[in-house]
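Novice: Before anything else, here's the structure in question.
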Amino acid sequence: MSSESVETRRHHVVIIGSGFGGLTAAKSLKHADVDVTLIAKTTHHLFQPLLYQVATGVLSEGEIAPATRLILKKQKNVQVLLGEVDNIDLANKTVHSHLMEMESVTPYDSLIVAAGAQQSYFGNDQFATFAPGMKTIDDALELRGRIIGAFEAAEVTTSQAERERRLTFVVVGAGPTGVELAGQIAELADRTLAGAFRTIEPNDCRVILLDAAPAVLPPMGEKLGLKAQHRLEKMGVEIQLNAMVSDVDRMGITVKEKDGTTRRIECACKVWSAGVQASGLGKQLAEQSDGTEVDRAGRVVVEPDLTVKGHPNVFVVGDLMSVPKVPGMAQGAIQGSKYATKLIKASLKGDDDPANRKPFKYFDKGSMATVSRFNAVAQVGKLEFAGFFAWVAWLGLHLFYLVGHKNRFTTIIAWAIAFIGRGRGQMAITSQMIYARLAMEQLQKNGTPLAMNISPDVAAAEPEKAEPSEQKAAG
Ligand SMILES: Cc1cc2nc3c(=O)[nH]c(=O)nc-3n(C[C@H](O)[C@H](O)[C@H](O)COP(=O)(O)OP(=O)(O)OC[C@H]3O[C@@H](n4cnc5c(N)ncnc54)[C@H](O)[C@@H]3O)c2cc1C
């Protein structure tokens, strides 16, 4: 056998996703003797906990979503591939992805699936048309357009009823995201927009935080939930609990009370932050792995070593994994990825026996939610605290986990402007922010291949397939 024919290829790790799980996994393999391919459907690493500040004009999208390729630029053993994974073939150890009409098949020796979760409408996906969620940069920018656009429309209309409808904001879901967003809409109206209109008082707007559950912030316990609720109420936010949304349309929402009666809230701007549904890749993995199941939210019920049954080289981490007592939070994804890459590195040295792996152990570092400027609630172990010190702790922690020195620096300045002053640097809105999602959905229904951030190629790549109206929209 000639020396050329001896296989010299390195162990190949494929990572799906560039969120907290995917990025941590790639970085943890920096000094390992492996080649890494990170495949994600977005070009950026998104810091989801600050999406609500993009939606309310405090931060720009670039501050919370640096390009993954640039973060990993100096890590020579990683290739970043933009593409949506459609299929994972466990038998042939390959990952199939596409970018527009370009298909890629990427073989792996070890696989880390960190594809996260999407918004769940609990079977009522039609609600999304008028009540977008907040999971992506697109979502946050659309919400910014809808929130600021509602004030603009209220200034123009001469109808009192329509003005009230435009100035009513409903946030569905009183978890951390809902609490943070409702608080920020109220502060935007009260501090930044005050005095900027002539026919309306922005402060007259109604911000309603609504939930089918009987409490605000249920995972953080009664005491902190009540503290957050009282603070929001002090800011003028209406809290409506035990209220289930039964319909959403352009003009407003229908709410079903606990006693079965229904009522309407006429409102232009609605936001959905009520539930999560794991990536469909989870179900795909479970179907191919004998005995692995998914839970009700589509998360993979993984083995104690975060793998799927019969495939000790296939790890599922982050929001896509279902592990008792591990919440769908950044720490779950970060710790899961570190655990998986540690096992991969051990296997390269021959130190890993899949049958005798130490199970994944989650270290709960606590949870926090901001309610308003200078006010947050925090839970660290048995310690619960609220108010200014919780807010300072929240600031410090978020700055620590934000990627990039430049982003940290500009974020501190933006926070000073918004929270010490009254300004917000990101108040620009465009028609595309508000209408592009629905237009893109229409294009996809018509068979035009779309990919995030690749718009100029859409019409150029498929001119013969696109109808004239589609070409106009795409261009
Ligand atoms: C608004 C909001 C606020 C939050 N606030 C907090 C907070 O304050 N504290 C906290 O700890 N947690 C918070 N979280 C939760 C936290 O962000 C998640 O738990 C964490 O992001 C999970 O990391 P992940 O890597 O599993 O998934 P994600 O970060 O969601 O990343 C998933 C990745 O997979 C990619 N992907 C998905 N499907 C495919 C596919 N088919 N092909 C290719 N790529 C794909 C996506 O593009 C993305 O890069 C918040 C979440 C949201 C939405």
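Novice: Roughly how big is the chain's charge dipole about its Cα centre, with Cβ charges of +1 (Lys, Arg) and -1 (Asp, Glu), in debye to the nearest 20?
Specialist: Using only the charged Cβ atoms, the result is roughly 1620 debye.
Novice: With a ≥ b ≥ c the root eigenvalues of the C-alpha gyration tensor of the range 208-282, is it rounded (a/c under 1.5), prolate (a/b larger than b/c) or oblate?
Specialist: Verdict is oblate for the range 208-282.
Novice: Answer rounded, prolate or oblate for the range 269-380, using the Cα gyration tensor with square roots of eigenvalues a ≥ b ≥ c: rounded when a/c is under 1.5, else prolate when a/b is larger than b/c, else oblate.
Specialist: Note, shape of the range 269-380 comes out oblate.
Novice: DSSP beta bridges in the chain, what fraction antiparallel, as a percent rounded to 5?
Specialist: Counting DSSP beta bridges with both partners in the chain, the antiparallel share is about 55 percent.
Novice: For the range 125-274, what is the percent of antiparallel DSSP beta bridges, rounded to the nearest 5?
Specialist: 40 percent
Novice: Within the range 170-270, list the GluC sites (Glu not before Pro) lying in a DSSP loop whose Cβ has at most 16 other Cβ atoms in a 10 Å radius.
Specialist: GLU257
Novice: Here's a follow-up. On average, how much accessible surface per residue is there in the range 125-274, in Å², for a 1.4 Å probe, leaving out ligands, DNA and RNA?
Specialist: 41 Å²
Novice: Need the full-extension length gain, ASN242 to ASP86, defined as separation in residues times 0.36 nm minus the C-alpha distance. One decimal, nm.
Specialist: That works out to 52.3 nm of additional length.
Novice: Let me ask another. What figure in square angstrom, to the nearest 10, would you give for the accessible area of ASP190 with a 1.4 Å probe?
Specialist: Looks like 70 Å² after rounding.
Novice: Separate question: For the range 96-103, in order, what is each residue's ³J(HN,Hα) by Karplus, 6.51 cos²θ - 1.76 cosθ + 1.60 with θ = phi - 60°, in whole Hz (x at glycine and Pro)?
Specialist: Each residue of the range 96-103 in turn: 10, 9, 9, 10, 6, 8, 8, 9 Hz.
Novice: Could I ask something else about it? Each residue of the range 381-397 in order: what ³J(HN,Hα) in whole Hz does its phi give by Karplus 6.51 cos²θ - 1.76 cosθ + 1.60, θ = phi - 60°, with x for Gly and Pro?
Specialist: So the J values, rounded to whole Hz, are x, 8, 7, 10, 8, 9, x, 5, 5, 5, 5, 5, 4, 4, 4, x, 5.
Novice: For a quick check: with amide H placed at 1.01 Å from N, whose amide H comes under 5 Å from VAL248's, ignoring anything fewer than 5 positions away on the same chain?
Specialist: THR254
Novice: Can you tell me the orientation of helix 137-156 relative to the chain, as the angle in degrees between its alpha-carbon axis and the longest Cα principal axis, to the nearest 10?
Specialist: Orientation of helix 137-156: about 10 degrees from the principal axis.
Novice: Same structure, new question: Take SER97, SER28 and sort them by solvent-accessible surface of the protein heavy atoms, 1.4 Å probe, largest at the top.
Specialist: SER28, SER97
Novice: Mind giving me the nanometre distance, one decimal, between the label points for LYS258 and ARG10, set 7 Å out from Cα along Cα→Cβ?
Specialist: The two pseudo-label positions are separated by 5.9 nm.
Novice: Follow-up. With contacts defined as alpha carbon pairs under 8 Å and 6 or more residues apart, what's the relative contact order of the chain in percent?
Specialist: 18 percent
Novice: Follow-up. Can you find, among SER372, LEU82, ALA128, the residue sitting farthest towards the positive end of the charge dipole of the chain, where Lys and Arg contribute +1 and Asp and Glu -1 at Cβ?
Specialist: Going by the charge dipole, the pick is SER372.
Novice: While we're looking at this one, here's another question. Calculate the length of the line joining the C-alpha centroid of the range 411-426 to that of the range 70-109, in whole Å.
Specialist: 39 Å
Novice: Let me ask you something else. With θ set to phi - 60° and the Karplus curve 6.51 cos²θ - 1.76 cosθ + 1.60, what are the ³J(HN,Hα) couplings of the range 190-196 in order, to the nearest whole Hz, using x for Gly and Pro?
Specialist: For the range 190-196, the Karplus curve yields 6, 10, 7, 8, 4, x, 8 Hz.
Novice: If I ignore ligands, DNA and RNA and count only protein heavy atoms, how much of LYS309 is accessible to a 1.4 Å probe, in Å² to the nearest 10?
Specialist: Answer for LYS309: close to 80 Å² accessible.
Novice: Moving to a separate point now. Need one number: convex hull volume per residue for the chain, Cα atoms only, in Å³.
Specialist: In the chain, the Cα convex hull volume per residue is 171 Å³.
Novice: Let me ask something else. Using a simple charge model, +1 on the beta-carbon of Lys and Arg, -1 on the beta-carbon of Asp and Glu, nothing else, what dipole does the range 4-77 show about its Cα centre, in debye to the nearest 20?
Specialist: Once rounded to the nearest 20, the dipole reads 120 debye.
Novice: Here is a further query. 5 Å is the cut-off here: which amide hydrogens, built 1.01 Å from N in the peptide plane, fall below it relative to ASN313, excluding neighbours closer than 5 in sequence?
Specialist: For ASN313, no residues qualify.
Novice: Here is a follow-up. Quick one: if the Förster radius is 35 Å, what FRET efficiency do GLN442 and ALA297 give, using the C-beta to C-beta distance and rounding to 0.05?
Specialist: Efficiency at R0 = 35 Å is approximately 0.80.
Novice: Can you give me the % of accessible surface on the chain that is carbon or sulfur? Probe 1.4 Å, all protein chains present, nothing else counted.
Specialist: Carbon and sulfur: 55 percent of the exposed surface of the chain.
Novice: Need one value: the accessible area of ARG206 in square angstrom, 1.4 angstrom probe, rounded to the nearest 10.
Specialist: Around 100 Å² of this residue is reachable by solvent.
Novice: Can you sort ARG146, ARG299, ARG250, ARG165 by solvent-accessible area, 1.4 Å probe, largest first?
Specialist: The ordering from most to least exposed comes out as ARG250, ARG299, ARG146, ARG165.
Novice: Something else now. Can you list the GluC sites (Glu not before Pro) in the range 1-87 that are in a DSSP coil and have 15 or fewer other beta carbons within 10 angstrom?
Specialist: Here the sparse-neighbourhood loop sites are GLU7.
Novice: Take the alpha carbon gyration tensor of the range 310-457, find the square roots of its eigenvalues, order them as a ≥ b ≥ c, and report rounded if a/c is under 1.5; if not, report prolate when a/b exceeds b/c, else oblate.
Specialist: Since a/c reaches 1.5 but b/c is at least a/b, the shape of the range 310-457 is classed as oblate.
Novice: Which of LYS234/LYS365; LYS74/LYS338; LYS74/LYS358; LYS223/LYS283 have a Cα-Cα distance over 27 Å?
Specialist: LYS234/LYS365; LYS74/LYS358; LYS223/LYS283
The values are calculated or read from the model by the stated rules, or taken from the named source; none is laboratory data. Note that the coordinates shown come from a computational prediction; the quantities given were computed from them, not determined experimentally. Because the Cβ atoms are built from the backbone with ideal geometry, glycine has one as well, and the counts that use them run over all protein chains shown. Quick note on the areas: whole protein, heavy atoms, side chains included, nothing else; ligands and nucleic acids left out. Shrake-Rupley method; radii C 1.70, N 1.55, O 1.52, S 1.80 Å.
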